[in-house]
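Remarks on the structure that follows.
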Amino acid sequence: MGQNQSENIGVHREYDRLERVVLCKPEFMHIDEAINEIQAHYIEENIDKKVALKQHKDLVEKLEELGVEVSLLPTNGEFPEQVFTRDIGFTLGETLFIAKLQKEIRQGEEEILMRWLKKQELPYHNFEAGTIEGGDVLIDGDTIFIGDSLRTGVKAITELQKKLPNYNVELIPFDGQYLHLDCVFNIVSKDEALIYPPAFDEQTVKAFAKRYKLIEVSKEEQFTLGTNVLVLGEGRIISLPRNKHVNQKLRDHGFTVIEVDISEIIKSGGAFRCITMPMLRSN
């Protein structure tokens, strides 16, 4: 393809400096069926699209102000959850994977991403079998953590392992009510990670604790997706203003916390990590 892949695609760690990211405006955002506790809570109130669009615009402007190149996917009225770009694609090493979405309401979003990538002359890999979503996938050097969720299955994980034989793929069991792994766990630096411990068994928490200093999120702030921050690299993290305890803990650990309000968007069950699809991070 026309462009040098290594110059445009590359993510080796969740906490390297974010250079290029893909988002999608919440133009048609709507809760049609409750897929998690958060959506169930807000389904009657639903989404104020005008507010959601303003908040999304504020986030894009903040990212650009911080030196991140932002690309926006075309929107389509058939897809009310298209704002959650993390799920439809994810970059591991120098390979950009197109996800296979589990819920029918979201199937087809991948086609929009593929058309956009072709237009940009950027390469990607399609999964042949099973389902896998980016919210379940985290990378830290030669280790890839994959959430064992209702949205991500064995067939796709096996295919990913074959495609990336030099990586250690670790399957992480967690309570399926939390939808994706990044709703309860997120790596924020080489040494630290956010976690909501009740979502995991004791053995998994101990395994994480051997590798990271765990910053615990409360039940209240898990509901407002306290783990689902966006790590910009260089000690900077974008988080919700309302998650005051998480934000203070991160500051106590030396992070610079940049507060951006996307409270209308999180009514649909996803926050900053969910609505961003990094394509390029540099160390």
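The values are calculated or read from the model by the stated rules, or taken from the named source; none is laboratory data. Computed from a predicted model, the values in this text were never measured in an experiment. Ideal geometry is used to build each Cβ from the backbone, glycine not excepted, and the neighbour counts take in all protein chains shown. Quick note on the areas: whole protein, heavy atoms, side chains included, nothing else; ligands and nucleic acids left out. Shrake-Rupley method; radii C 1.70, N 1.55, O 1.52, S 1.80 Å.
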Here are some residues: PHE127, PHE90. Which one is on the phi < 0 side of the Ramachandran plot and modelled with pLDDT of 95 or more?
PHE90
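For segment 85-201, list the strands (runs of 3 or more DSSP E) that sit wholly inside it and hold at least 1 residues that are without any contact (Cβ under 8 Å) to a residue 60 or more places away in the chain and either within 18 Å of the chain's Cα centre (by Cα) or surrounded by 23 or more Cβ atoms within 10 Å (Cβ to Cβ) (or both); which are they?
95-98, 137-140, 143-148, 168-173, 185-187, 192-195
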Pairs, first over 13 Å from MET277 (Cα atoms) and at pLDDT below 95 in segment 59-78, second open to solvent by less than 70 Å² (accessible area, probe 1.4 Å) and not in a helix (DSSP H, G or I), C-beta under 9 Å, six or more apart
ASN76/GLN82; ASN76/GLY108; GLU78/GLY108
Those residues of segment 264-283 which are in contact with a strand residue (DSSP E or B) (Cβ under 9 Å, 6 or more places away or on another chain) and among the aliphatic types (A, V, I, L, M), in sequence order
ALA271, ILE275, MET277, MET279, LEU280
Segment 245-256 residues that are at positive phi, paired with ones that are outside any helix (DSSP H, G or I) (beta carbon under 8 Å, 6 or more apart)
GLY254/GLY235
